[in-house]
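Take a look at the structure below.
Each value in this text was obtained by applying a stated rule to the coordinates, not by laboratory testing. Fair warning: this is a prediction, and the values are worked out from it, not measured in the lab. Cβ coordinates were reconstructed from backbone atoms using ideal geometry, including for glycine residues, and neighbour counts include every protein chain displayed.
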């Protein structure tokens, strides 16, 4: 399955970048997010709980970042599992573009999905997927418009006494997009 989408985020690219690297912002913006954990400089794991019709599913996934060109684009390879409800393997290319005083985040995804969710299909799954994606970006916009303080000290970094590296900065953005894409792909 191929997925393409883009969204305009009402904040400058630098502010969006910092927000997508702030664990508190991520926790608030991702619907149903229970956990985001950094495993290494370029690998994360996450847990998201979602309800699709009568099913309540806990998605657990990992994402790895590669082919990055700061701050404009990178590639995410991820895998997520929702127990017997389904699984997904995802490869996503992400682009962040400055657009006046806003940021346009665009992504192209190739997803292989299986399990009950793949069999379910239909309008219910489609509606849930659209709602999750819309909620994430609405939450992010709200947090950014509220002028939530975001300093580089709050970013996910490998070591508290170290200046955030290029990979540390890119990884937070990638994890958010990968989590959203994994959940969306599993629900699509």
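How much length is gained on full extension from residue 47 to residue 137, taking 0.36 nm per residue of separation minus their Cα-Cα distance?
Gain in length upon complete extension: 30.6 nm.
Per-peptide packing, taken as the mean over residues of other Cβ atoms within 10 Å, places 2-9, 79-86, 99-106, 54-61 in the sequence 79-86, 54-61, 99-106, 2-9 from highest down.
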